[in-house]
Amino acid sequence: SGPSYKWQRVLLKVSGEALAGDHTQNIDPKVTMEIAREVASVTRLGIEVAIVVGGGNIFRGSSWAGSSGLDRSSADYIGMLATVMNSIFLQATMESIGIPTRVQTAFRMSEVAEPYIRRRAVRHLEKGRVVIFAAGTGNPFFTTDTAAALRGAEINAEVVLKATNVDGVYDDNPRCNPNARLLDNLTYQEVMSKDLSVMDMTAITLCQENNIPVVVFNLNKPGNISKAIKGEKVGTLIGA
Ligand code: UDP
């Protein structure tokens, strides 16, 4: 058998904002193509990759709730639909370069994608297909970070890799404090007590309870996604 890597099955979380790149129309095809290429390179090595895609580039429920009388649940359902758009875009991009990819939605949209079925998702992964989990958890008041932690735990992913627009977790806000340091390692407890706004509490708690480490890294640096998936040092590692 070939070389073995740190993780055999990973859950990659791609934020909506990261998908936007510098494109004015929500999604930057250069970003989705880079994700596709890097994911292709690791699936060829036999690493199983599941993806949760955010929707913040199109619609974020919390920032719309309240305006024009929009209630939070309705706003959040629109946000979840935004993640489906991103997921289908990413699937089409992956399949354009030959990576078999399935989208599973947390609520039924069976003309567009499979419904989420845990065992079927695992089977796809075992066959070398990439599975994209769309529509978050299917519930308002949650986030796609929580969806990543939840699906990660359900499919026994060994790590949640959070791809963002920042290099990792800093000890202070790097936009305000030029001396802010990028941290290599953090415990779940530190993330929670220092309120480091890496991930919401629900997501980080789920990861902690299930002993799933989280890596926060910058997806805009070429090679970072494949490095993160192969378990090479990149960004900040959060664990016990
Ligand atoms: N959302 C939700 N439940 C979920 C996941 C997402 O209601 O389980 C909604 C919520 O309105 C959120 C939007 O979908 O603002 C987009 O997801 P998120 O903000 O997590 O995306 P990201 O920040 O990763 O771009």
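The values are calculated or read from the model by the stated rules, or taken from the named source; none is laboratory data. Predicted model only: the values in this text are computed from it and were never measured. Ideal geometry is used to build each Cβ from the backbone, glycine not excepted, and the neighbour counts take in all protein chains shown.
A Cβ distance below 6 Å, combined with a sequence gap of six or more or placement on separate chains, defines the contacts here; from the range 133-155, residues that are over 19 Å from residue 213 (Cα atoms) reach residues that are more than 6 Å from the ligand (Cβ to nearest atom) and among the basic types (Lys, Arg) in the pairs 133/151. Which one is modelled with the lowest pLDDT among residues in the range 182-215 that are exposed (fewer than 11 other Cβ atoms within 10 Å of the Cβ) and part of a loop (DSSP other than H, G, I, E, B)? Ranking the qualifying residues of the range 182-215, first place goes to 195. Looking only at residues in the range 19-43 that are under 15 Å from residue 217 (Cβ atoms) and touching a Gly at 6+ places or on another chain (Cβ under 8 Å), the one that is farthest from the ligand (Cβ to nearest atom) is 38.
On the basis of being at pLDDT 95 or above, in contact with an Asp or Glu (Cβ under 6 Å, 6 or more places away or on another chain), under 28 Å from residue 231 (Cα atoms) and within 11 Å of the ligand (Cβ to nearest atom), does residue 86 make the cut? In short, no.
Of all residues in the range 80-118, exactly one satisfies the criterion of being closer than 16 Å to residue 13 by Cα and among the charged types (D, E, K, R), namely 102.
Among residues of the range 186-208 that are aromatic (Phe, Trp, Tyr), those with a beta-carbon under 9 Å from a residue that is assigned to a helix (DSSP H, G or I) at least six positions away or on a different chain give the pairs 188/204; 188/205; 188/207; 188/208. Looking at the range 99-134, which of the residues that are surrounded by 21 or more Cβ atoms within 10 Å (Cβ to Cβ) and farther than 21 Å from residue 36 by Cβ is farthest from the ligand (Cβ to nearest atom)? In this case the residue turns out to be 116. Residue count for the range 44-74 under the criterion of being under 25 Å from residue 117 (Cβ atoms), surrounded by fewer than 20 Cβ atoms within 10 Å (Cβ to Cβ) and either near the ligand (Cβ under 8 Å from one of its atoms) or of a type in the set (Ser, Thr, Tyr) (or both): the result is 1. Within the range 55-81, residues that are farther than 11 Å from residue 140 by Cα and of a type in the set (A, V, I, L, M) reach partners that are outside any loop (DSSP other than H, G, I, E, B) and within 7 Å of the ligand (Cβ to nearest atom) with beta carbons closer than 7 Å, at six or more positions or on different chains, in the pairs 58/16; 58/82; 65/75.
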